[in-house]
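Remarks on the structure that follows.
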Amino acid sequence: MTPADPPAAAGASPGASGGGGTLAGKTMLMSGGSRGIGLAIALRAARDGANVALLAKTDTPHPKLEGTVHTAAEAIRAAGGRALPIVGDVRDEASITEAVMRTVGEFGGIDIVVNNASVIDLSGSLELATKKYDLMQDVNVRGTFLLSRAAVPQLREATNPHILSLSPPLNVTPKWLGAHTGYSLAKFGMTMATLGLAAEFADAGIAANTLWPRTTIATAAVQNVIGGDRLMRVSRTPEIYADAAYEVLRTPSRERTGQTLIVEDVLLAAGATDFAGYAAVPGTPDEAMYPDIFLD
């Protein structure tokens, strides 16, 4: 697989799902997106000629993380899209309001909201700092709800409106809810907020779904927080997430909403037959991939 055309290289023909066409001219507002999965989703949309507004804190380079909201915007433009970098904090309602207003002012409306910004800390309950617990709740749950809500008036006017949150299905088993209670609450909260919005605004035709991978994804969080080089070697690239998101976001909104979707299942339904090209380390067999949390 090459980033230029991932669905075909993964064994599917582009458009195999019979979705709602391309994202050309659509406007996406995303939380985060300076790097990793969010940037991959933005670049996939940009290759269609989409407009992408990024609300992110990374105004200046981080000593341990590559990319800022400005370098992400440059990459989006290079991929064929239009970009609007917005320095702000998804925890701050004023930042969200400004992001919506600037996006509408620049591009004329909002068709898609992607709730990508997320904080991870897998500490047990006794070890988890209260400050980090609050941060996960504020970014993951509150940010998802507030950004989505702020965009609803614009989404009502869109022809194919979507909200997509990068969060897991509600697998509230002791295995996962008890493994890292603070983080689980925050990620499940993202999903519950999204499913609630799906039900509340179904009559308006606003799709709201979640998307989650079956394996770990090679991102800075996996490298620095979860598993280091060992886990990176048995992860898939962010492009698999981006390709699945693309399939979801181009589907007619009234045909798919209120669902907790799995990346690989979405791509299989779109005609993919082989995920080998998504291995972070080429040649790693599928059976060696490390399963993500919350699924099994």
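The values are calculated or read from the model by the stated rules, or taken from the named source; none is laboratory data. Keep in mind that this is a model prediction, so the values were computed, not measured. Cβ coordinates were reconstructed from backbone atoms using ideal geometry, including for glycine residues, and neighbour counts include every protein chain displayed. Protein only, heavy atoms only, side chains kept; ligands, DNA and RNA dropped before computing areas. Shrake-Rupley method; radii C 1.70, N 1.55, O 1.52, S 1.80 Å.
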Over the chain, with the other protein chains present, what is the accessible area per residue in square angstrom, probe 1.4 angstrom?
41 Å²
Could you compute the FRET efficiency for M101 and R233, with r as their C-beta to C-beta distance and R0 at 30 Å, rounded to 0.05?
0.10
Enter the per residue convex hull volume of the stretch 81-129, computed from alpha-carbon coordinates, in Å³ rounded to the nearest integer.
115 Å³
Excluding ligands, DNA and RNA, the carbon-plus-sulfur percentage of the accessible area of the stretch 45-200 with a 1.4 Å probe reads 55 percent
Measuring from label point to label point, each 7 Å out along Cα→Cβ, what is the H62 to D121 span in nm?
1.5 nm
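Suppose the chain between A78 and V281 were pulled fully straight at 0.36 nm per residue; how much longer would it get relative to their current alpha carbon spacing? Intermediate results must be reported in sequence, preceding the final value.
Working: separation 203, 0.36 × 203 = 73.08 nm, distance 2.56 nm.
Between A78 and V281, full extension yields 70.5 nm more.
Looking at this model, which pairs from K64/K131; K26/K131; K131/K175; K26/K57 are more than 31 angstrom apart at the alpha-carbon?
On the way: K64/K131 21 Å; K26/K131 37 Å; K131/K175 25 Å; K26/K57 24 Å.
Over 31 Å apart, Cα to Cα: K26/K131.
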Separation of alpha-carbon centers, the stretch 185-200 and the stretch 223-295, rounded to whole Å:
21 Å
Using modelled backbone amide H atoms (1.01 Å from N, in-plane), which distant-in-sequence or interchain residues come within less than 5 Å of V52's amide H?
M28, R82, A83, L84
Just to be sure I understand, if you calculate Kirkwood radius over Cα pairs in Å for this structure, which of (i) 19.5; (ii) 20.7; (iii) 18.9 do you get?
(iii)
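Which is the longest part of the chain that has none of the GluC sites (Glu not before Pro) sitting in a DSSP loop with at most 14 other Cβ atoms within 10 Å?
Numbers: sites that count: E66, E127, E157.
The reported range is 158-296.
Please compute the contact order of the chain in relative form: average sequence separation of alpha-carbon pairs under 8 Å and at least six residues apart, divided by the residue count, as a percent. Intermediate results must be reported in sequence, preceding the final value.
On the way: 621 pairs, mean separation 63.8, N = 296.
The value is 22 percent.
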For the chain, the helices passing both cut-offs (Cα extent along own axis of 20 Å or more, Kyte-Doolittle mean at least 1.6, full DSSP H runs) are none
